[in-house]
1. In the stretch 107-153, what residues are within 12 Å of the chain's Cα centre (by Cα), under 17 Å from residue 25 (Cα atoms) and of a type in the set (D, E, K, R)?
2. Just give me the residues in the stretch 14-60 being free of Cβ contacts under 8 Å to residues at least 60 places away in the same chain, part of a helix (DSSP H, G or I) and aliphatic (A, V, I, L, M), in sequence order.
3. Can we say residue 88 is modelled with pLDDT of 80 or more, within 18 Å of the chain's Cα centre (by Cα) and among the small types (Gly, Ala, Ser)?
4. Among the candidates 10, 46, which residue alone is at pLDDT below 90 and open to solvent by 40 Å² or more (accessible area, probe 1.4 Å)?
5. Can you go through 154, 158, 111, 129 and tell me which one is part of a helix (DSSP H, G or I) and closer than 17 Å to residue 60 by Cα?
Amino acid sequence: MSREYRQWVNEYQDQAWTLARYILKDPSEAEDATQEAFVKLWNNRNAIDRDRVKPWLKRVTRNHCLDRLRRRRPETEFEDYQAADDFGPARGAEQSELGQILKGAISALKEPYRTLVVLRDIQQHSYDEVAGVTELSLSQVKVYLHRARKQLREQLAEVRP
């Protein structure tokens, strides 16, 4: 395995897994989708511009997740979701009650809103990077993010005492 590829894995695996976790709402399925994305990165490592690996990997991860969502049976789409992170890279971090509520609210968002919130607000990517990963125009990203944040505010306002 090349040193450069190992560096990419070490640098981007947590971000790719987090994105997949939010989209799929299932830790083991997120691990599978992330692994598929890294396999594809390995197979295409010589064809990818070294400066574009991160957005390329995020786009591929997102696409694998969306493919998995499309293949799911309709009834599994509406199963109750436990927002706690029981698995994965962040399992040791303590989560506050508000953090759990926020995770649940983000997970309840429909696509592409959920992906946009994760990429922009959680992983702190620029609007241009988010547009590149999601293959949306910059104006679409901004409009969709505005709508997603509005939905989150409404959901969180309901839980406020």
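The values are calculated or read from the model by the stated rules, or taken from the named source; none is laboratory data. Worth saying up front: this structure is predicted, and the values here are computed from it rather than measured. Cβ: placed from backbone, ideal geometry, glycine included. Neighbour counts: every protein chain shown. Accessible surface areas use protein heavy atoms only, side chains included; no ligands, DNA or RNA. Shrake-Rupley method; radii C 1.70, N 1.55, O 1.52, S 1.80 Å.
1. Residues satisfying the conditions are 111, 114.
2. 16, 20, 24, 30, 33, 37, 39, 41, 53, 57, 60
3. On the way: modelled with pLDDT of 80 or more: no; within 18 Å of the chain's Cα centre (by Cα): yes; among the small types (Gly, Ala, Ser): yes.
Against the criterion (modelled with pLDDT of 80 or more, within 18 Å of the chain's Cα centre (by Cα) and among the small types (Gly, Ala, Ser)), residue 88 does not qualify.
4. Working: 10 fails: at pLDDT below 90.
Among 10, 46, only 46 is at pLDDT below 90 and open to solvent by 40 Å² or more (accessible area, probe 1.4 Å).
5. Values: 154 fails: closer than 17 Å to residue 60 by Cα; 158 fails: closer than 17 Å to residue 60 by Cα; 111 fails: part of a helix (DSSP H, G or I).
None of the others qualify; the one that does is 129.
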